[in-house]
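The values are calculated or read from the model by the stated rules, or taken from the named source; none is laboratory data. Quick caveat, the model's predicted, so the values are computed rather than measured. So basically every Cβ, Gly included, is an ideal-geometry build from the backbone, and we count neighbours across all protein chains shown.
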Amino acid sequence: MQKTIILDGKKTAQRIKQQLKNQTDDLIKRGKTPGLAVIIVGDDSASRIYVNLKKRACAEIGMYSEEYSMPENTTQDELLTLIEKLNKRNDIDGILVQSPLPGHINETAVIDAISIKKDVDAFHPVNVGKIMIGDYDFLPCTPAGVIELIHESGISIAGKDCVVIGRSNIVGKPMAMLLMHEHGTVTICHSKTKDLAQKVRNADIVVAAIGKAQFITGDMIKQGAVVIDVGMNRLEDNTLVGDVHFESCVEKAYAITPVPGGVGPMTIAMLMKNTLKSAVLSFESENRHDN
Ligand code: GUN
């Protein structure tokens, strides 16, 4: 039997970042350096790791980045004032507010305040709507990274039965939309879904994004399915695992992502792609106005 393809997100992300670096070098030569502002409020340890990885990716590619590390007791007004300032700056092309925010800050109000042109997470309702109708500048980073990894497997999404497990605004909902754009037949499952295992067993492509450690087991997977694991969960012994029980699924899958080293690095590569795109659009728009 054919050996299962392990979809190496780290390697794929590295290749994409190299391409982005070449394009960034060209843009810098033309006089524009892409810039990303990353805001972190409070001291969530996972968020700290993600923010460091995002800054490191900017440095690797040759983009400018700046970090705003704000205390847990930052007020919503203080955060909105900072976003207003960043919205106006020509050297900042992307603004990313790391989620989760402390409970006293309204996340919706914060996302709404980010200029739609600098919303490199693609969380703003205008950008969400643009994705829905297929007329967008930015794709949401994690779902876009998943699509790239499915392409890496060599499988065409068109006509396939795709099951997304999870309905979050960040992953599940936009994921379903992107799979539909690629002509997949999509089912979204969630905590209230009846016969979830049976629905997953029907899928040619499974995307797990529920936030439950090793929830998807081998008995739920169809032989030859592509299995993409968006989950990042810590077991009691602090081991990092996904939403998929890798060991029991790997034998049945045609292709599968590991955790870590699967979707995670792709999310960051897609953030860099959006930041470069924003910088290119801003550069082109400035030059149009100059002429
Ligand atoms: N927290 C977890 N994932 C993400 C993400 O993709 N973007 C932001 N801003 N925060 C997150």
Original post:
Within region 217-225, is even one residue in contact with a strand residue (DSSP E or B) (Cβ under 8 Å, 6 or more places away or on another chain), in a loop (DSSP other than H, G, I, E, B), charged (D, E, K, R) and away from the ligand (no atom under 16 Å from the Cβ)?
Top reply: no
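Could you check, for region 72-81, whether at least one of its residues is more than 21 Å from the chain's Cα centre (by Cα), over 30 Å from residue 29 (Cβ atoms) and touching a residue at least 40 places away in the same chain (Cβ under 8 Å)? I'd like the intermediate steps shown before the answer.
Kept after step one, since they are more than 21 Å from the chain's Cα centre (by Cα), are these residues of region 72-81: 72-81.
Adding the requirement that they be over 30 Å from residue 29 (Cβ atoms) leaves 72-81.
Filter once more, so that each one left must be touching a residue at least 40 places away in the same chain (Cβ under 8 Å): 79.
Scanning region 72-81, I find at least one residue that is more than 21 Å from the chain's Cα centre (by Cα), over 30 Å from residue 29 (Cβ atoms) and touching a residue at least 40 places away in the same chain (Cβ under 8 Å), so the answer is yes.
Can you tell which of 115, 65 is small (Gly, Ala, Ser), modelled with pLDDT of 95 or more and part of a loop (DSSP other than H, G, I, E, B)?
Numbers: 65 fails: part of a loop (DSSP other than H, G, I, E, B).
From the options 115, 65, the qualifying one is 115.
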Original post:
Can we say residue 154 is within 18 Å of residue 243 (Cα to Cα), part of a loop (DSSP other than H, G, I, E, B) and out of contact with any His (no Cβ under 8 Å at 6 or more places or on another chain)?
Top reply: no
Original post:
Do you know which residues across region 71-94 are of a type in the set (Val, Ile, Thr) and surrounded by fewer than 16 Cβ atoms within 10 Å (Cβ to Cβ)?
Top reply: 75, 81
Original post:
Which one is surrounded by the most Cβ atoms within 10 Å (Cβ to Cβ), of the residues in region 16-70 that are basic (Lys, Arg), without any contact (Cβ under 8 Å) to a residue 24 or more places away in the chain and closer than 26 Å to residue 283 by Cα?
Top reply: 55
Subject >> Residue, surrounded by the fewest Cβ atoms within 10 Å (Cβ to Cβ), within region 121-170, restricted to residues that are within 16 Å of the ligand (Cβ to nearest atom) and among the acidic types (Asp, Glu) >> reply: 148
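It is to be established whether one or more residues within region 88-96 are part of a helix (DSSP H, G or I), over 30 Å from residue 223 (Cβ atoms) and either in contact (Cβ under 8 Å) with a residue 12 or more places away in the chain or under 23 Å from the mean Cα position of the chain (by Cα) (or both). Explain how you work it out, then say what you get.
Pass one, region 88-96, residues part of a helix (DSSP H, G or I): 88.
With over 30 Å from residue 223 (Cβ atoms) added as a condition, the list becomes 88.
Next, only the ones that are either in contact (Cβ under 8 Å) with a residue 12 or more places away in the chain or under 23 Å from the mean Cα position of the chain (by Cα) (or both) stay: none.
No, because not a single residue in region 88-96 is part of a helix (DSSP H, G or I), over 30 Å from residue 223 (Cβ atoms) and either in contact (Cβ under 8 Å) with a residue 12 or more places away in the chain or under 23 Å from the mean Cα position of the chain (by Cα) (or both).
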